[in-house]
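Enquirer: Attaching a single structure in structure tokens format; questions to follow.
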Amino acid sequence: MNSSAPVTVNESAGPAPVKTRPRNLVISGTNFWNPGDDFVRDGIIRILREVFGGAPLNFLFYNFNADFFPQSKFSGIADFLSEGDLDKYRDDIDAIIIAGLPAGDELKDLYYWILANGLEGRVCVLGAGYENSYIAHHIAGEPEATVFRNARIVTGRTARTPEFIRAKRIQYHHIHCPAILSVPTVKEILPGKKIERIGFSIQLPQGEGISNHACAAELYDLSVQILRELSVQHPVEVVAHHKTEYFHFLNLLRGENIPVVFSSFYRDLFELYPRYDLMITTRLHAGLFANGHGIPGIIINDTDRHTHTLEGFPHSVWVNNRAQFDRALARWREADLAAIAREAEEFKQRLLARYLGVLRPVLDNDAKPALRMTPERSGELKAALLARRIEYGRGVHLQEGTTRWVSNYGELRLPTQRLSGPAALALTLGIGDLWCYKADHLQTTVNLDGKRVRQAAFTEDKQEFKLTIPLQPSDRTQVLTLESSASFVPREIDENSRDRRRLAVKLSDVNILLHEQ
């Protein structure tokens with residue numbers, strides 16, 4: 001529960017009365033990677049504080065920073081959500097807030113943990129964008145599909161939605177991106193103020209910039225050209241949102257008298273942005289964050305993410321060529337910046353009221369949706385299996401100068417606490433996309449909570465085993481382990497997909513069979 005404002009303690013007054021009980025919230029996002037994610041999360045947290053009106057909010061953070069894949073590599077010592085944490089307090093969780101990104105590899109760990117604990121009815125998906133094929137692809141598959149079908153509320157920043165949302169008749173609230181609400185109030189501007197200092201936030205070109213920090217090469221070139229031209233007429237500064245940009249522009253602009261500013265701590269941007277009278281950027285959220293301060297923006301980008309999200313924002317305009325940019329710049333040069341700030345504050349208040357009108361009826365009460373510990377169909381239990389995230393052992397082995405993945409142990413976590421009666425796990429074990437050293441036959445032992453249930457010996461004549469393993473309801477997640485007798489290496493190693501490895505033994509046709517069906 002961080003706050004940038006100082007706290008004054010009156011020791012003589014005693015503790016202030018708490019109007020309502022603390023709320024236990026899980027919230028997703030990233031940290032120390034992309035400040036735009038921080039802006040979205042801060043905007044949502046501001047909304048939630050208004051929704052719950054004075055109640056203490058207990059946040060446990062799920063960090064989907066790309067360096068964190070897969071989550072299973074962590075021991076759980078860090079102070080953010082880790083595997084097994086939801087099991088420890090699922091009855092106390094009031095809501096799971098999906099802030100921004102709603103689907104994809106980044107969230108699968110969290111969604112599997114949610115399903116394993118029957119918490120999908122407490123999920124609130126807020127402020128997300130649904131304008132691209134990546135989201136459309138993942139939302140229609142598991143575990144996302146089950147989460148979205150049962151989510152408590154879904155809001156999005158774009159009028160455009162995937163076919164899955166429409167086909168499943170999921171109620172969808174189109175509300176503008178909450179990132180602008182991360183800024184408490186606009187800066188004070190004297191009447192008649194015109195543009196002087198200009199800030200630039202420029203992503204690196206595709207192929208050079210990292211994920212979420214890259215733009216089309218031609219738009220990068222246009223942005224740098226404009227930066228250099230305007231530096232002759234105005235004080236300008238480059239605001240790096242990532243260290244890769246920091247290093248890049250320090251070198252590119254050396255000797256050009258154009259300052260480059262950067263901090264690993266995104267909160268420093270709250271003090272930096274008010275220095276500017278105009279923000280020119282390739283980033284969506286740099287423009288909206290500037291708008292939050294009452295500063296107009298020109299976004300030099302034309303992806304669906306930018307064009308769809310910016311619909312309805314009065315003080316950020318997107319362009320993709322020089323003629324459009326010149327018209328936008330002329331518009332902001334003629335404007336009264338004090339009037340823009342007043343309009344921006346009014347826009348923020350209307351947006352906040354819109355969010356509160358939608359969320360208060362859903363969240364501002366003490367009732368928590370019941371845990372869905374008994375699924376409606378076996379497909380939902382199958383989705384609750386952490387099948388995609390098999391735990392790996394043995395790390396990386398170097399041989400003959402080539403990086404080779406070595407793995408002979410894996411785990412499959414079974415949500416048997418969601419069973420209401422006897423059931424069975426059905427699966428097929430086969431030879432996967434990896435090969436073993438040919439000197440040994442492949443022996444694989446299958447254990448359930450440490451007890452052997454099957455030993456499979458793969459030979460040239462026996463390449464597949466179909467298994468049916470009885471299951472009983474339990475008060476915790478059970479673990480099915482696969483342990484093989486040899487180490488394995490992939491036929492082909494995809495350096496871009498290191499954490500999507502599979503065991504030499506491949507699981508397929510995984511399902512839970514409910515006896516009542």
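All of the numbers you see were taken from the coordinates with simple rules; none came from a lab. What you see is a predicted model, and the numbers here were worked out from it, not measured in a lab. Counting neighbours? That spans all protein chains shown, and the Cβs are built from the backbone with ideal geometry, glycine included.
Enquirer: Could you tell me how far the Cα centroid of the range 77-139 sits from the Cα centroid of the range 204-273, in Å?
Expert: Here the answer is 33 Å between Cα centres.
Enquirer: Where does each of 98-110, 163-175 land if you order them by average Cβ count within 10 Å, highest first?
Expert: Numbers: 98-110: 22.8, 163-175: 13.9.
Packing proxy ranking, top to bottom: 98-110, 163-175.
Enquirer: Quick one: net charge around GLU271, please, counting Lys, Arg +1 and Asp, Glu -1 for every other residue with C-beta under 15 Å from its C-beta. Mind showing how you got there, number by number?
Expert: Numbers: positive: LYS187, ARG197, ARG267, ARG275; negative: ASP38, ASP42, GLU188, GLU237, ASP268.
So the environment of GLU271 carries a net charge of -1.
Enquirer: Considering amide H positions built from the backbone, and no H for Pro or chain starts, which residues 5 or more places from TRP318, or on another chain, come under 5 Å of its amide H?
Expert: Amide H to amide H, under 5 Å and 5 or more residues apart or across chains, TRP318 pairs with ILE299.
Enquirer: When Lys and Arg each count +1 and Asp and Glu each count -1, what net charge do the other residues less than 10 Å away from ARG197, Cβ to Cβ, add up to? Intermediate results must be reported in sequence, preceding the final value.
Expert: Working: positive: ARG275; negative: GLU196, GLU237, ASP277.
Around ARG197, the charge tally is -2.
Enquirer: If packing is taken as the average count of other Cβ atoms within 10 Å, what order do 200-208, 154-162 fall into, highest mean first? Intermediate values should be presented prior to the final figure.
Expert: Working: 200-208: 19.7, 154-162: 21.2.
In descending order of packing, they fall as 154-162, 200-208.
Enquirer: Output wanted: per-residue J couplings in Hz (rounded whole) for the range 443-454, from phi through Karplus 6.51 cos²θ - 1.76 cosθ + 1.60, θ = phi - 60°, x for Gly and Pro.
Expert: 10, 10, 9, 10, 10, 10, 6, x, 9, 5, 10, 6
Enquirer: Pop the C-beta distance of ARG169 and VAL232 into the FRET formula with R0 = 60 Å and round what comes out to the nearest 0.05. Can you show the working numbers first?
Expert: Values: r = 56 Å, r/R0 = 0.94.
With a Förster radius of 60 Å, E is 0.60.
Enquirer: Considering the Cα positions of the range 194-335, please state its Rg to one decimal place and its Dmax as a whole number of Å.
Expert: Final numbers for Rg and Dmax: 13.8, 40 Å.
Enquirer: How would the range 17-96 be classified by its alpha-carbon gyration tensor: rounded, prolate or oblate, with rounded meaning a/c under 1.5 and the a/b versus b/c comparison settling the rest?
Expert: Numbers: a/c = 3.03, a/b = 1.35, b/c = 2.23.
Judged from the Cα gyration tensor, the range 17-96 comes out oblate (a/c at least 1.5, b/c at or above a/b).
Enquirer: Would you please give the residues with an amide H less than 5 Å from that of TYR130, counting only those at least 5 places away or on a separate chain, with H modeled from the backbone geometry?
Expert: Amide H neighbours of TYR130, under 5 Å, 5+ apart: ARG157, THR158.
Enquirer: Enumerate the amide H contacts of LEU414 below 5 Å, restricted to partners 5 or more residues apart or on another chain; note that Pro and chain-start residues carry no placed amide H.
Expert: Under 5 Å from the amide H of LEU414: GLN478, VAL479, LEU480.
Enquirer: In the P(r) worked out for the range 16-181, what percent of Cα pairs fall beyond 24 Å?
Expert: Values: 4375 of 13695 pairs.
I get 32 percent for the Cα pairs in the range 16-181 exceeding 24 Å.
Enquirer: So what J values fall out for the range 118-133 if you push phi through Karplus, 6.51 cos²θ - 1.76 cosθ + 1.60 with θ = phi - 60°, rounded to Hz, Gly and Pro as x?
Expert: x, 9, 4, x, 9, 7, 10, 9, 10, x, 8, x, 10, 9, 10, 6
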